[in-house]
Amino acid sequence: MGVHKSKKRYAKVKKLLDISEEEPIFILRAQDYLAFRTIEFYDREASNAGCDPSFLENLRQVKDVFNDFRVRYSELMKVPD
């Protein structure tokens, strides 16, 4: 989905996650070459902002999963289109 315009898909995701229709969302996929670095940046910013330690731990688990994907499935990695 990314930055592509697909209101139907976003509506389904928002409903599933109980997010209001008015709130914008941005989705990163593990196959996105830039995703891991984006999550690393977000992790640093969240840490510097003093986010709750449990949030940071969950974020780092997500970061680890994204890293595992890019190592294990390097052939699937691509620049966003």
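Bear in mind that the values in this text are calculations on the coordinates, not laboratory data. Computed from a predicted structure; not experimentally measured. Quick reminder, even Gly has a Cβ in these numbers, built from the backbone with ideal geometry, and neighbours come from all protein chains shown.
Residues in the range 30-81 that are surrounded by 14 or more Cβ atoms within 10 Å (Cβ to Cβ), assigned to a loop (DSSP other than H, G, I, E, B) and within 14 Å of the chain's Cα centre (by Cα): 30, 31.
Restricting attention to the range 14-34, the residues being in contact with a helix residue (DSSP H, G or I) (Cβ under 6 Å, 6 or more places away or on another chain) and of a type in the set (A, V, I, L, M, F, W, C) number 2. Hey, can you tell me all the residues within the range 29-61 that are under 27 Å from residue 79 (Cβ atoms) and free of Cβ contacts under 8 Å to residues at least 12 places away in the same chain? Hits for the range 29-61 are 37, 38, 41, 44, 45, 61.
Each residue in the range 62-81 was checked for being without any contact (Cβ under 8 Å) to a residue 24 or more places away in the chain and among the hydroxyl-bearing types (Ser, Thr, Tyr), and 1 of them qualify.
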